[in-house]
Amino acid sequence: MQIEGTAASSGIAIGKAFVLPDWEWEITERPIDVSDLAKEFERLYDGIRSSKMEIRNIKEELREVIGDEESTIFDAHLAILDDPVFMNEVQGIIRRQYKAAEVAVKEAIEKFAGMFDLLDDEYMKERAMDIKDVGNRLIKHLVGAPEVTLPKDAHPFILVARELAPSQLAHLNPKHVLGIVTMAGGKTSHSVIMAKALGIPCVIGLEGKLEQPIATGDVLIVDGHHGVLHVHPDVHTLKRYYRLRREWQQQRRELERMAPIVPVTADGVRIRLEANLNTAREAEQANRYGADGVGLFRTEFLYMDRDSLPDENEQFEVYKQVALAMGEKPLTIRTLDIGGDKKLEYLPLPEEDNPFLGYRAIRISLDRTDLFKTQLRAILRASHYGNLRLMYPMISSVDEVRKANAILREAMAELRRERVAFNENIKVGITIEVPAACMMADWLAKEVDFFSIGTNDLVQYVLAVDRMNEKLADSYEPYHPAVIRMLKQAADGAKSAGIEIAVCGELAGDVRALPLWIGLGIHNLSMSFQSILAMKKQVLETNAGECRKLFGELLKCGTSAEVHRLLEQVPCSACS
């Protein structure tokens, strides 16, 4: 039986199912005496402390496996336990209705998860799973129940669940999990993000599509490339997928052997492939994948998962560590980019109707010059130990660059007076991620040494489409003709001043976009280190001259479909 679901994490898995029971505890509703209220609150607080400790331990265990950015999923879980609205609801039920703590937590979960489920926004619907996950963990501690058990033997299995909570996935040994199948959930669910980071094939969205429930022991094929699940496949289907899996595994091995190869097009154009990093530890992985440098080091992760700002010395040591790891390779450090969807608990930001258009990124830095200068001093000090470059985020005007550079000069003057060594000629650049920066690219290019295009936000702002909204997924179109025209304005502005231009957004790592970048004359791409090898293979098989000819045709396109049709004419080694 073949069932069409949604492809969530690529790859092919063949094996027997293990059906995970729902993580919900049977709770007997029991009234409590008014004299026991204090004791019940103490039970609640003990449960919260135990839950927080467990979540922090899970996060720390997973950090090395899935990376720092993905492990911040559990920061959202900690935030729920600290959320005053959620906790006031629980405490109110205990105080007003004289109900036991576990009953109050269960009712609060149902209320808030139900509210999220009613929203039209798919991303917000999936946050209901986080509330259930955290609430069930808290209930587990309150009733003293064990974790839902998983297979203890070493035989790998395909995990099947209605929904899969991130903390359930955290307890799995990735070596034992061949694939994941869920009835509910979406592409932005935290469990899907983790599955991708762990490299586990995953198909989701099978609710209501099965003729009969999957049972533990059923033979399954998970096709994470096309979003297909096969239940009790016949011999011919099994043979075909065993062959496809061997081919997929062989492709992965071939890519791994390409790390030391220099990426040059078939007609001799050198393309620099750099890495986007979130932490110092990832520098070693970037080198192992053959990165030409670091095109984007996101400093905001230094500020997260803590209760106070990192001081200058702490930041300096991290930047220095990455600089030493990269050696002579360029390391581009972006200054603090918070706001929008990235918040710091200890640095309250104003509530805004449109946070992505509000107080964020360089706007915060120019307002909080104390924070900004501390970071600039740390970056400058680290520049003595490597080939560092400095980049300001979300620039929309020449005035912002001049103000930022004025603060940079102050930081330099302070370090000179203190006789602290730094690179006096450190290169300074900006991210191009708002339409205003594209329109003013010729002017901005006179103020800086390089541009780096942040395609994630640029596409969002050009098309007025919230990239976090699943209902607008079809409208978030990176290959929209308007986006291509904006990119050309940025590239032309850089060329007019003779400065370097790179790309550091998600589109940089999309092999289908390579002809676009070469056609624009952009030869420096920065991406997740996991994308470097596939892109390197594509570079070797691409003819730059043909890409330049193709770009003239792309500019004549009036629809995204026309753009896609032209790009599909270019042979793509990783698109099949």
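Here, each number is a calculation from the coordinates, and none is a lab measurement. Every value quoted in this text rests on a predicted model; they were computed, and no experiment measured them. Using ideal geometry, Cβ is built from the backbone for each residue, glycine included, and neighbour counts are taken over all protein chains shown.
Tell me which residues come under 5 Å, amide H to amide H, from T299 once H is placed; ignore anything under 5 positions away on its chain.
The list, which skips near neighbours in sequence, is R334, D337.
At a 10 Å Cβ-Cβ cut-off, how would you order T28, T332, fewest neighbours first?
T28, T332
At A436 and T216, where each label point lies 7 Å from the Cα along Cα→Cβ, what is the point-to-point distance in nanometres?
Here the modelled spin labels are 5.9 nm apart.
Which of the pairs K99/K132; K175/K537; K140/K196; K59/K106; K495/K549 have their Cα atoms more than 21 Å apart in this structure?
Going by Cα-Cα distance, K175/K537; K140/K196; K59/K106 fall outside the 21 Å limit.
Counting alpha carbon pairs within less than 8 Å and at least 6 residues apart, what relative contact order, in whole percent, applies to the range 387-449?
Here the relative contact order equals 53 percent.
Can you bin the chain into rounded, prolate or oblate? Criterion: square roots of the alpha carbon gyration tensor eigenvalues sorted a ≥ b ≥ c, rounded for a/c under 1.5, prolate for a/b above b/c, oblate for the rest.
It is oblate, given that a/c is not under 1.5 and a/b is not larger than b/c.
State the Cα centre-to-centre distance between the range 206-232 and the range 413-455 in whole Å.
51
Got a sec? How would R288, R162 order by Cβ neighbour count within 10 Å, fewest to most?
Going from sparsest to densest Cβ surroundings: R288, R162.
Work out the charge dipole of the chain with +1 on the Cβ of Lys and Arg and -1 on the Cβ of Asp and Glu about the Cα centre, then indicate which of V192, H141, L514 is farthest towards its positive end.
Of the options given, the answer is L514.
Mind listing the long-range amide H neighbours of G5? Cut-off is under 5 Å, sequence gap 5 or more, other chains count too, H placed in the peptide plane at 1.01 Å from N.
V228, L229
What list of ³J(HN,Hα) couplings, whole Hz, do you get for the range 435-450 from phi and the Karplus terms 6.51, -1.76, 1.60, once you set θ to phi - 60° and write x for glycine and proline?
Per residue, the Karplus-derived 3J(HN,Hα) values read x, 4, 5, 5, 5, 9, 4, 5, 6, 4, 5, 6, 9, 9, 9, 7 Hz.
How far apart, in nm, are the 7 Å Cα→Cβ label points at R56 and Y98?
Between R56 and Y98, the simple spin-label model gives 3.7 nm.
For the chain, what does the helix formula give at 222 nm: sum of -39500 (n - 2.57) over DSSP H segments with n ≥ 4, over the residue count, nearest 500 deg cm²/dmol?
Helices in the chain give a 222 nm mean residue ellipticity of -14500 deg cm²/dmol.
Would you mind working out the magnitude of the charge dipole of the chain relative to its Cα centre, with +1 at each Lys and Arg C-beta and -1 at each Asp and Glu C-beta, to the nearest 20 Debye?
Rounded to the nearest 20 debye, it is 1780 debye.
Would you grab the residues whose amide H sits under 5 Å from the one on A502? Only those 5+ places off in sequence or on another chain, please, with H modelled 1.01 Å from N.
Sorted by chain and number, the residues that satisfy this are F451, S452, I453.
Quick one: H480, H564, fewest Cβ neighbours within 10 Å first, how do they rank?
H564, H480
For M304 paired with D33, estimate the spin-label separation in nm (one decimal), with each label point 7 Å from Cα along the Cα-to-Cβ line.
4.8
With no solvent and one equal point scatterer placed on each C-alpha of the range 300-406, evaluate the Debye formula and give log10 I(q)/I(0) for q = 0.14, 0.16, 0.21 Å⁻¹, two decimals.
-0.58, -0.74, -1.18
Taking 25 Å as R0, compute the FRET efficiency from the Cβ-Cβ separation of R363 and A464 and round it to 0.05.
Taking R0 as 25 Å, the efficiency between R363 and A464 is 0.80.
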